[in-house]
Each structure stands twice: as structure tokens, then as C-alpha cells.
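Where a number appears in this text, it was derived from the coordinates with a stated rule and is not lab data. Given the structure is predicted, the values throughout are model-derived calculations rather than measurements. Cβ sites come from the backbone with ideal geometry, for glycine too, and all protein chains shown count toward neighbours.
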Amino acid sequence: MCGRKTLTRDIQSIIEELAIDMWNSNDLYPNYNITPSQMAPILIGENNSRIVKLMQWGLIPQWANEESIGAKMFNARAETILEKPSFQNLVQQNRCIIIADGYYEWKRSSNSSQPYYIYHPEYKLLPMAGLWNTWKSSTNQIIDSYTVITTIPQKNIDHIHQRMPVILNPISIDEWIHCDTVHSSQAMMNLVPYSRPLSFHSVSTLVNSPKNNSPDCIRSTENTSTLGLF
């Protein structure tokens, strides 16, 4: 699963790399430990344009009575999204990109859990495929929320965890976000492991606590010569 991620880049560099047409909020600060329930910038397609909106991590389904259910729905498995009532109706109309530049996974053993930071070898963004929804509570509170779609991992990181986010290449982004022109059957062909090996290194357990949010969270605990750069 993917339950922690980072976005440390400034708005202008993100706009340039992802060719964003409109960013609906200037409220963005480097975040080294994004957790479910927090707000984050999400890329959607509207009228053939790329639009960014802030949304809450942890998808709240249309049928939900309480916002709290979103805390359990921060990931969706690519293999089963068409089978799950919470996701199947969103695949055609509510596809999105989660903007991130890295994420964390924990390698678990019988008596320990070691966090790793996983990122692009050239420090580029990792555009993650996702689904989003607008939910309205019984008191008319409106919340836009999202989930990160996961798939099987690349070979070079499968020793860390058995899942990874679906990361889209530049060509796939338009197919995924432009729901009005690209059918879900075509879009879902992009839900595969990322083609380029990612880099990774172990980090301290600082990231275990959502209260910690600093560059120390992504700092390597390994000798430089042992970093996972393949």
C-alpha cells in the first residue's frame, strides 16, 4: 500500500513539469510526510485543460454516512477497482493524478519495520493514478477526496513491499485524466508498474509519526555507496 508520500517542490516547477493550465490554490508548502486525511494538490482534466485542486486523502464514497470512512480508503487496488462499489462508478468520470515527488514504504520483518523513501532517480515528480469524489454530508458539508491506485511493485523494490502506487509516464497522464474523451477501458491499460526503476534508501523512524514533517524524514540512513540507484 501507499500510506505516506511527499511533495517538496514549489508550485511553479510543478506547473512547468506537468503543463498545468490552472492551479486553484496558492496554499502549498513543502511536505515531507503527507498522511491520509491531509489536503494535497490533485490534477484533474476539465474541458481539455489540466486543473489542480486541493483534496483530502482518503476517498469518501457517495454512499458513506460518515466522513471517517475515508481513513480506510486511501488506496485502491488496480486489479479490483471495477469490482468495488466504492470505486467502480468513478473509473469513467472521476480519474485524477496525485502530485507527489516520493513516497514511503515499510519493510517488515518478524521483529522490526524499516521505512524506505522511494523516488525518481532524476528527482522528477511521480504522477500517481487515482480516483476522486465529491461527498456531501447530512449537514451539507462538501468534501473532495481521493484515493491512490496501487499495483504490483517493480522488481528492484519488491523486497521492500508487495505493492506500489501506479505512476504514470507523461504520455499516459492525458489518457488518465481526460475522462470525457478517453473511455475507462483504454485508461485502465495504464495501470501497470512504472517502466523506469525507481531509486530508494532507508530512512529513520521519524516518518512513523505524522507529527514529523521536515527534510530529516527523507534523509538517508545508509552509506551513499549503498543507495538503491539502478
Checklist outcome for this item: Of 19-25, 100-106, ordering from highest average Cβ density within 10 Å down gives 100-106, 19-25
Checklist entry - Cβ under 15 Å from N169's Cβ, N169 left aside: what net charge do those residues give with Lys, Arg +1 and Asp, Glu -1? => result -2
Item to check | Local net charge near Y117, Cβ-Cβ under 9 Å (Lys/Arg +1, Asp/Glu -1) | outcome: 0
Next on the checklist: Looking at the chain only, what percent of DSSP beta bridges run antiparallel? Nearest 5 please.
Outcome noted: 85 percent
Checklist outcome for this item: Taking the square root of 5λ for each eigenvalue of the C-alpha gyration tensor of the range 1-158, the equivalent ellipsoid has semi-axes, largest first and in whole angstrom, of 24, 21, 15
Next on the checklist: Rounded, prolate or oblate for the range 1-58? Axes are the square roots of the Cα gyration tensor eigenvalues, ordered a ≥ b ≥ c, and the cut-off for rounded is a/c under 1.5.
Outcome noted: prolate
Checklist outcome for this item: Cβ-Cβ cut-off under 12 Å around S202, Lys and Arg +1, Asp and Glu -1: the net charge is 0
Checklist entry - Dividing the convex hull volume of the Cα atoms of the range 131-230 by its residue count, what figure in Å³ per residue is obtained? => result 170 Å³
Checklist outcome for this item: In terms of the alpha carbon gyration tensor, root eigenvalues a ≥ b ≥ c, rounded if a/c is under 1.5 and otherwise prolate when a/b exceeds b/c or oblate, the range 23-90 is oblate
